[in-house]
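Novice: Handing you a structure now.
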Amino acid sequence: MLKKITFPKYLFVLSVVVLVASCNQKKKEDASQETEKELSYTSGLPLDSLNLPSGFSVHTFAENLDGARSMAMGDNGTLFVGTRTENKLYALVDEDGDYRADRTIVLDTTLEVPNGVAFKDGALYVAEVNRLLRYDNIESNLENPPEPVVVYDDYPDEFHHGWKYIAFGPDDKLYVPVGAPCNICDSTSADKRYATITRMDADGSNREIVAHGVRNTVGFTWHPDTDVLYFTDNGRDMMGDDIPPCELNKVTEIGQHFGYPFCHGDTIADPEFGDQRPCAEFIAPVQNLNAHVAPLAVKFISGTMYPEEYKNHAFIAEHGSWNRTKKSGYRITMVKLDDDGKALSYEPFIDGWLNEENQTRWGRPVDLLFLEDGSLLISDDFGDAIYRITYEETAMASN
């Protein structure tokens, strides 16, 4: 005989049923929200053509960002982006913390080649061809930026290799390169600052030359353990498809000379200037990169998202060749280094912006920036986008 359910017990059973139904509904709503979030990551770019190592994935942080090049992160999470030919300076705001830019603010349109950006003590530093500007307290005034302060205005005004990448070093000094104003020439007789990397105090004082013989670096960084300066250098043109190599170099002493215009790589004498000084006089590259790949940014991992095996290796954005018979570059590569900074290998990390078969391209990587969570941002001035590269161990384990 069935026992009669008393009223209190009936209420208890009913409450359990309601709770279970409520939980199921909550799960459906959460699943729906996750689906909506995934759909919000739908891109107008062919991201599925990118080849990434197992466990890594990509989505766009921002799209339709004309000419996105150098990046700098503000203290409050504003991403500042410079351009080269567009003469625009951007601020990107991720208001809801989903690693997608919700607002794009154009801070300035009057600048001459504002390629380089850096951030320090609440101020945004911007490099034009011949001068450096500073926008004070910028994150509190994004909608109404202040007039910039001129920090330094005595760099050469030659446009050829005149665009600049800038960054503050571990010594709190601002590092500023000055490219050679030509494909190949001995320009130091006209101005000793050509083909160098310089540095100065944040207020523009105490400028000095850090490295000589640097044809055109548009990317440098410091090793996270040793504070040694690493920089990429773009090799000269018009010596054929396969020589000379582009380079990854490191500065171990102030004033070192890295060969240009006399020597390329570590052994290739220049056909016009090589008889003036032998290659043995100069600092050899850490790694010779492929010819004409146009290496720009170089960065080491920060944060803990990526596997330990990638730590202390150099990631390089190869912008891609412009006049090679068969295109090269258009990818992110990695130079593995040992504990002494010696190169162990040079290999692709991400590629697919270039279709090797039909030689069409849809993107050109420029700058690299690691976020606090350890993910990597990549700017692209051809695809007009910024990508975010993440890693999940579970994804790797499922393969």
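Novice: Restricting to the stretch 242-255, what's the tally of residues that are of a type in the set (S, T, N, Q) and open to solvent by 70 Å² or more (accessible area, probe 1.4 Å)?
Specialist: So the answer is 1.
Novice: With respect to Ile197, is the statement that it is assigned to a strand (DSSP E or B) and crowded, with 17+ Cβ neighbours inside 10 Å true?
Specialist: Answer is yes for this residue.
Novice: Scan (1) among the hydroxyl-bearing types (Ser, Thr, Tyr); (2) open to solvent by less than 40 Å² (accessible area, probe 1.4 Å); (3) out of contact with any strand residue (DSSP E or B) (no Cβ under 6 Å at 6 or more places or on another chain) for the single condition Tyr330 breaks and write down its number.
Specialist: All conditions are met except number (3).
Novice: Out of everything in the stretch 301-327 that is surrounded by fewer than 19 Cβ atoms within 10 Å (Cβ to Cβ) and acidic (Asp, Glu), what residue ends up being farthest from Leu371 (Cα to Cα)?
Specialist: Glu309
Novice: Same structure again: Only one of Asp373, Asp338, Asp351, Asp367 is open to solvent by 10 Å² or more (accessible area, probe 1.4 Å) and either under 18 Å from Pro295 (Cα atoms) or touching a Ser or Thr at 6+ places or on another chain (Cβ under 6 Å) (or both). Can you tell me which?
Specialist: Of Asp373, Asp338, Asp351, Asp367, the one residue that is open to solvent by 10 Å² or more (accessible area, probe 1.4 Å) and either under 18 Å from Pro295 (Cα atoms) or touching a Ser or Thr at 6+ places or on another chain (Cβ under 6 Å) (or both) is Asp351.
Novice: Let me ask something additional. Would you pick out the residues in the stretch 351-398 that are modelled with pLDDT of 95 or more, hydrophobic (A, V, I, L, M, F, W, C), under 20 Å from Thr42 (Cα atoms) and out of contact with any Phe, Trp or Tyr (no Cβ under 7 Å at 6 or more places or on another chain)?
Specialist: Phe382, Ala385
Novice: Being part of a strand (DSSP E or B), open to solvent by less than 60 Å² (accessible area, probe 1.4 Å), touching a helix residue (DSSP H, G or I) at 6+ places or on another chain (Cβ under 9 Å) and at pLDDT 95 or above, is that true of even one residue in the stretch 65-86?
Specialist: yes
Novice: Taking Thr83 as meeting all but one of (1) free of Cβ contacts under 8 Å to residues at least 40 places away in the same chain; (2) touching a Pro at 6+ places or on another chain (Cβ under 9 Å), write down the number of the exception.
Specialist: Against the list (1) free of Cβ contacts under 8 Å to residues at least 40 places away in the same chain; (2) touching a Pro at 6+ places or on another chain (Cβ under 9 Å), Thr83 comes up short only on (1).
Novice: Which residues, counting only those in the stretch 125-141, are out of contact with any Leu (no Cβ under 6 Å at 6 or more places or on another chain), in a loop (DSSP other than H, G, I, E, B), surrounded by 18 or more Cβ atoms within 10 Å (Cβ to Cβ) and not β-branched (Val, Ile, Thr)?
Specialist: Asn130, Arg131
Novice: Just checking, which of Phe258, Phe220, Phe273 is open to solvent by 10 Å² or more (accessible area, probe 1.4 Å) and hydrophobic (A, V, I, L, M, F, W, C)?
Specialist: After ruling out the rest, the residue left standing is Phe273.
Novice: Shifting gears a bit: Those residues that are in contact with a Ser or Thr (Cβ under 6 Å, 6 or more places away or on another chain) and buried (at least 22 other Cβ atoms within 10 Å of the Cβ), I need them from the stretch 169-194; list them, please.
Specialist: Scanning the stretch 169-194 gives Val176, Pro177, Val178, Ala180, Tyr194.
Novice: Next question. What number of residues within the stretch 162-186 are outside any loop (DSSP other than H, G, I, E, B) and of a type in the set (Gly, Ala, Ser)?
Specialist: 1
Novice: Please indicate, with yes or no, whether at least one residue in the stretch 148-160 is outside any loop (DSSP other than H, G, I, E, B), buried (at least 23 other Cβ atoms within 10 Å of the Cβ) and touching a residue at least 12 places away in the same chain (Cβ under 8 Å).
Specialist: Within the stretch 148-160, not a single residue is outside any loop (DSSP other than H, G, I, E, B), buried (at least 23 other Cβ atoms within 10 Å of the Cβ) and touching a residue at least 12 places away in the same chain (Cβ under 8 Å).
The values are calculated or read from the model by the stated rules, or taken from the named source; none is laboratory data. What you see is a predicted model, and the numbers here were worked out from it, not measured in a lab. Using ideal geometry, Cβ is built from the backbone for each residue, glycine included, and neighbour counts are taken over all protein chains shown. Each accessible area value is taken on the protein alone, full model and side chains, heavy atoms only, with ligands, DNA and RNA left out. Shrake-Rupley method; radii C 1.70, N 1.55, O 1.52, S 1.80 Å.
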